[in-house]
Amino acid sequence: MNDFPEPIIREEIGWPSSNFGPNSRSNVQIYKNSKEKYVIVAIERDDNPGQSITNGAENLWKFVLHKYKLKSEDCTFIESYHYKNSPNSYSFVFITEETSTEHNGEYDRELVKWAPLDDFQEFIRNFFLVELPSSRLDSID
């Protein structure tokens, strides 16, 4: 039996590259918990013709938020290169939503930061944990 939660959305998307090359393609999975919070996972495709999910992070995440009508404050962004079978294939992506007048209001690259996510499955399982009713907590030894 697989007790791993299923995403509410699982699809391939195309999004505009910032390097004026071909549009990028990635897979996206979106998980939603009972508190209306979301985990959005962008998965690099080995056949992506455009920018990688890392190099195009600003464009990718703005596109995803717009496409699915989500607010960034309700979302946790994760990128994955799991097709490479790497043990460090998942990373958190943090984007500071400040604009720079020097770049026509676009996000600066230095405003994007990454942090490793050691255990994706554990993180997703914990994301779905909700506060237990007090009666349930009292019954646990």
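General remarks:
- Sorted ascending by nearby beta carbons within 10 Å, beginning with the fewest, ARG125, ARG45 become ARG125, ARG45.
- Where labels lie 7 Å past Cα in the beta-carbon direction, separation of ASN126 and GLU36 in nm: 2.5 nm
No value in this document is a laboratory result; all are computed from the given coordinates. Only a predicted model underlies this, so the values are computations on that prediction, with no experimental measurement involved. No Cβ is skipped: glycine too gets one built from the backbone with ideal geometry, and neighbour counts run over all protein chains shown.
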